[in-house]
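The values are calculated or read from the model by the stated rules, or taken from the named source; none is laboratory data. Remember, it's a predicted structure, so these values are computed and weren't measured experimentally. Counting neighbours? That spans all protein chains shown, and the Cβs are built from the backbone with ideal geometry, glycine included. Calculation scope for accessible area: heavy atoms of the full protein, side chains included, ligands and nucleic acids excluded. Shrake-Rupley method; radii C 1.70, N 1.55, O 1.52, S 1.80 Å.
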Amino acid sequence: MESYKKLLLNNKVWAANMVEKDPAFFSRLAKTQRPEILWIGCSDSRVPASEITGTLPGEIFVHRNIANMVVNTDLNLLSVLQYAVEVLKVRHVIVCGHYGCGGVQAAMTNQSLGLINKWLRNIKDVYRFHREEVDALPTLQEKFDRMVELNVQEQVHDLSKTSIVQRAWKQRGAPFLHGWVYRLSDGLIHPLIELEAGSEIDPIYRYDNVDE
Ligand code: CO
């Protein structure tokens, strides 16, 4: 059977199972969504947000791109962020990277990959900020792993640099920002960094008039 046909069959079984467990599940969800969490993850097929967190439809609002980046000119990411923070009023934003991320690894090589170079440039910048620390690590594996962690940390800080997050912090003391990393080899998530609402922001990136 072709792989896409299997998806449709699986879907029928899944929907039937959900209704069996909770007859009102879909009719309830069809009315509205109230997720408390925005998830920004990697597009990698091995890191499915709902599955690895045991969450059901309706629980997490999800944005995924290559290497879980928060790029401040990315209309897609910014639209998701604004909607999640200002309309859904999520309590938490989680950036979840993963060890073995192909995007991070590609950014650390000197190979040209076409259009994707533009995207990976943002990760090369993270490498440049932390070059001393990363280059001092003895093995390539350790360099890749550390870069995955540093990249997540930078993306969390990049969230805090947006006027969207700064305004929400002032107006409603949320969302909290979290940086996590997922290990493909054991399926476990490790928290790396947490910025509570109102955390100190490098003055260079602080907006004083977001409340106006
Ligand atoms: Co990845």
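Things worth noting here:
- Using the rule -39500 (n - 2.57) for each DSSP H run of four or more residues, divided by the residues of the chain, the 222 nm mean residue ellipticity is -13500 deg cm²/dmol.
- Equivalent ellipsoid, the range 92-136 (semi-axes from 5 times Cα gyration tensor eigenvalues, Å): 18, 16, 10
- Cα centroid separation, the range 49-71 to the range 120-188: 16 Å.
- Residue 10-residue 137 FRET efficiency (beta carbon distance; Förster radius 45 Å; 0.05 resolution): 0.60
- Residue 74 accessible area, assembled protein chains, probe 1.4 Å, Å²: 30 Å²
- Placing a label point 7 Å from the Cα of residue 109 along the Cα-to-Cβ direction, the residues of the range 41-68 whose backbone N falls under 17 Å of that point are 67.
- Proximal lysines relative to residue 161, as straight alpha-carbon distance under 20 Å, when same-chain residues fewer than 8 apart are discounted: 89, 124, 170
- Ranking by accessible area, most exposed first, for 119, 169 with a 1.4 Å probe: 119, 169
- Dimensionless Rg/Rh of the range 1-97 - Kirkwood Rh, Rg from C-alpha atoms: 1.02
- The chain: DSSP helices with Cα axial extent of at least 18 Å and average Kyte-Doolittle hydropathy no lower than -0.5: 3-21
- Cα-based equivalent ellipsoid of the range 131-208: semi-axis lengths in Å, sorted from largest, via gyration tensor: 29, 16, 7
- Modelled FRET efficiency - R0 25 Å, residue 88 with residue 211, Cβ distances, 0.05 increments: 0.75
- Residue 193 long-range amide H proximity, modeled H, under 5 Å: 179
- Of all lysines in the structure, those lying under 16 Å Cα to Cα from residue 21, and not within fewer than 8 positions of it along the same chain, are 12.
- Among 57, 23, 191: highest mean-square fluctuation, GNM of the chain, C-alpha pairs under 10 Å: 23
- A convex hull fitted around the alpha carbon atoms of the chain yields 161 Å³ per residue.
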